[in-house]
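Have a look at the structure below before the remarks.
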């Protein structure tokens, strides 16, 4: 496989926010005492009047952003995914989603690849929490460039957006100039034997898995579902009509995640054998990101195994 | 507007409140009646607004947020009487398909509403955000927000109070509907609020204390708050009010927080409130 420079998706967010801020003077940003972790420092430095340090007060931050949005601004709120969602679910529900305000919830350090901080910070339920809210768009980009471009797209889109990214450095394989289309699945490679739908950090793992499978004579189709909601149903059904079996891969709880969304589409339209690579109803723990991906069966070999299993079920 | 004229509007608003909650046999009359004088003076005397052409972004006008959304009958009546939407729409309150949902919402497109409220403790933060937006826009108008005293129990209120004091949000006027009652009983019993004046002052706010059911005091306090804007501090009107004000059997008790009157009680209540602007 081609090698790519490794970069963190959160830095892609920081770069995208700066670019969006330069393009649109209405873009503003709030951060709850995690400016360094969210890579929002460049925006804060270039636009000090449009950056709001809220202190460790996520509820206040979320609703201030809603108040700013209804006044015609495009606010981003920045904190860890655990505090961006679960801690402020009611604030998001009432003042962002139900009130349909143009707030962009930027959530870093999602999933087990947060690493050593452990389960208190490794939220694995956030996609489910956010996708259940009417009016909410849920985006999970896969690498630095895609996170940067997704941030720019989120700023241009009118409506609530949940943007999920992470801490570790992962291969940066999407082109820097690739425009991000919200709601449009991204074909990574075509194949005929199985479809792998992946999101976030696990897209790269799925690419590695597809390479291994190819050596074993299995041609996997790999599709990056960077937008969990609205889901690109047409792309899902088109691929499945060809391959007749599915594996999903995500750094999230099985309940409420990408696999859950795909399963709904399949059950209602075209039931085919399916396997899910996801966390199975347990909390995370401390460890290095690589150790944790192995421990929770979210690694490349797990995707390979899932593909073999699902093909046997065809 | 003259004090007597404001009192006449308030009397009609109180009639509307009773008729709305009686009509659908649900809603929150007690707090609505208690806060009527405050928000009547705000909308009919103090705020610079343009009801005929409602703007969501509030640019070039004062803005108001209702944090304690359950007193929606008062809010809806005042918005309708001020010209935001037809008065006869008050008859649809809490009925299927209405724009006048149990708690205020933007989802149905009702003019005058800028954000949903009902889940408590969130409105002050929204108002701080809107006030900061006015600063960015160099818009000299003010942002007002009404809060209940029961919702002062919510931690988020104090996140927002700390932020507004620390960041000197001086185009913001909070109004605390201090009726000292909440659903389960007196605030002293449910959750003693302590010295509210001292608490807000400790967070860096300027506090103006008043009788929130004395129209002259309300008008004076609101004018004082406008004069005090731009001086480096957020301001709080600590408004002592009486839940159920205007209807004798609804005063002095928390029992009418969320209970509608029956036919006989409604007739009794309406007999105590002069019809000044014509019932809807």
Q: Please specify each residue of segment A:130-167 satisfying the condition of being surrounded by fewer than 20 Cβ atoms within 10 Å (Cβ to Cβ) and closer than 19 Å to residue A:256 by Cβ.
A: A:132, A:133, A:134, A:135
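Based on this model, can you work out whether residue A:76 counts as touching a strand residue (DSSP E or B) at 6+ places or on another chain (Cβ under 8 Å) and more than 17 Å from residue B:123 (Cα to Cα)?
Numbers: touching a strand residue (DSSP E or B) at 6+ places or on another chain (Cβ under 8 Å): yes; more than 17 Å from residue B:123 (Cα to Cα): yes.
So residue A:76 passes the test.
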Q. Would segment B:106-122 turn up any residue that is in contact with a helix residue (DSSP H, G or I) (Cβ under 7 Å, 6 or more places away or on another chain), buried (at least 20 other Cβ atoms within 10 Å of the Cβ) and not in a loop (DSSP other than H, G, I, E, B)?
A. no
Q) Mind checking which residues of segment B:249-280 are closer than 24 Å to residue B:81 by Cα and part of a helix (DSSP H, G or I)? A) B:250, B:266, B:267, B:268, B:269, B:270, B:271
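Listed residues A:272, A:236, A:247; which is in contact with a strand residue (DSSP E or B) (Cβ under 8 Å, 6 or more places away or on another chain) and closer than 29 Å to residue A:121 by Cβ? Give the steps one after another, and end with the answer.
Working: A:272 fails: closer than 29 Å to residue A:121 by Cβ; A:236 fails: closer than 29 Å to residue A:121 by Cβ.
Of A:272, A:236, A:247, the one residue that is in contact with a strand residue (DSSP E or B) (Cβ under 8 Å, 6 or more places away or on another chain) and closer than 29 Å to residue A:121 by Cβ is A:247.
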Q: For residues that are over 24 Å from residue B:212 (Cα atoms) and within 13 Å of chain A (Cβ to nearest Cβ), scanning just segment B:137-155, find the one that is surrounded by the most Cβ atoms within 10 Å (Cβ to Cβ).
A: B:139
Q: Looking only at segment A:48-76, count how many residues are in contact with a helix residue (DSSP H, G or I) (Cβ under 8 Å, 6 or more places away or on another chain) and more than 10 Å from chain B (Cβ to nearest Cβ).
A: 3
(Q) Take the conditions part of a strand (DSSP E or B), free of Cβ contacts under 8 Å to residues at least 40 places away in the same chain and surrounded by fewer than 18 Cβ atoms within 10 Å (Cβ to Cβ) and apply them to residue B:201. Does it pass? (A) no
Q) Out of B:166, B:161, which single residue is out of contact with any strand residue (DSSP E or B) (no Cβ under 9 Å at 6 or more places or on another chain) and either over 17 Å from residue B:62 (Cβ atoms) or more than 10 Å from every other protein chain (Cβ to nearest Cβ) (or both)? A) B:166
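Is it the case that segment B:129-136 has a residue that's in a loop (DSSP other than H, G, I, E, B), farther than 24 Å from residue B:223 by Cβ and either within 8 Å of chain A (Cβ to nearest Cβ) or more than 14 Å from the chain's Cα centre (by Cα) (or both)?
Of all residues in segment B:129-136, those in a loop (DSSP other than H, G, I, E, B) come to none.
Within segment B:129-136, none of the residues are in a loop (DSSP other than H, G, I, E, B), farther than 24 Å from residue B:223 by Cβ and either within 8 Å of chain A (Cβ to nearest Cβ) or more than 14 Å from the chain's Cα centre (by Cα) (or both).
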Q | Residues within segment A:77-96 that are facing chain B (nearest Cβ under 9 Å) and in contact (Cβ under 8 Å) with a residue 40 or more places away in the chain, tallied | A | 1
Q. With respect to residue B:125, is the statement that it is within 16 Å of the chain's Cα centre (by Cα), modelled with pLDDT of 95 or more, more than 21 Å from residue B:42 (Cα to Cα) and within 9 Å of another protein chain (Cβ to nearest Cβ) true?
A. no
Q) Within segment B:70-88, which residues are more than 12 Å from the chain's Cα centre (by Cα) and in contact (Cβ under 8 Å) with a residue 12 or more places away in the chain? A) B:80, B:81, B:82, B:83, B:84, B:85, B:87, B:88
Q. Any idea how many residues of segment A:30-47 are closer than 19 Å to residue B:137 by Cβ and more than 12 Å from every other protein chain (Cβ to nearest Cβ)?
A. 0
Q. Going by the structure shown, is residue B:37 assigned to a helix (DSSP H, G or I), surrounded by fewer than 19 Cβ atoms within 10 Å (Cβ to Cβ) and touching a residue at least 40 places away in the same chain (Cβ under 8 Å)?
A. no
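Residues of segment A:42-54 being within 19 Å of residue A:105 (Cβ to Cβ) and in a helix (DSSP H, G or I), which ones? Show your work before the answer.
At the first step, the residues of segment A:42-54 found to be within 19 Å of residue A:105 (Cβ to Cβ) are A:43-44, A:50-54.
Of everything in segment A:42-54, those that are within 19 Å of residue A:105 (Cβ to Cβ) and in a helix (DSSP H, G or I) turn out to be A:43, A:44, A:50.
Somewhere in segment B:62-79, is a residue farther than 15 Å from residue B:175 by Cβ and surrounded by fewer than 17 Cβ atoms within 10 Å (Cβ to Cβ)? Give the steps one after another, and end with the answer.
As a first pass, look at segment B:62-79 and keep what is farther than 15 Å from residue B:175 by Cβ: B:70, B:72-73, B:76-77, B:79.
Imposing the further condition that a residue be surrounded by fewer than 17 Cβ atoms within 10 Å (Cβ to Cβ) reduces the set to none.
Within segment B:62-79, none of the residues are farther than 15 Å from residue B:175 by Cβ and surrounded by fewer than 17 Cβ atoms within 10 Å (Cβ to Cβ).
The values are calculated or read from the model by the stated rules, or taken from the named source; none is laboratory data. On a predicted model such as this, the values are computed, not experimentally measured, just so you know. So basically every Cβ, Gly included, is an ideal-geometry build from the backbone, and we count neighbours across all protein chains shown.
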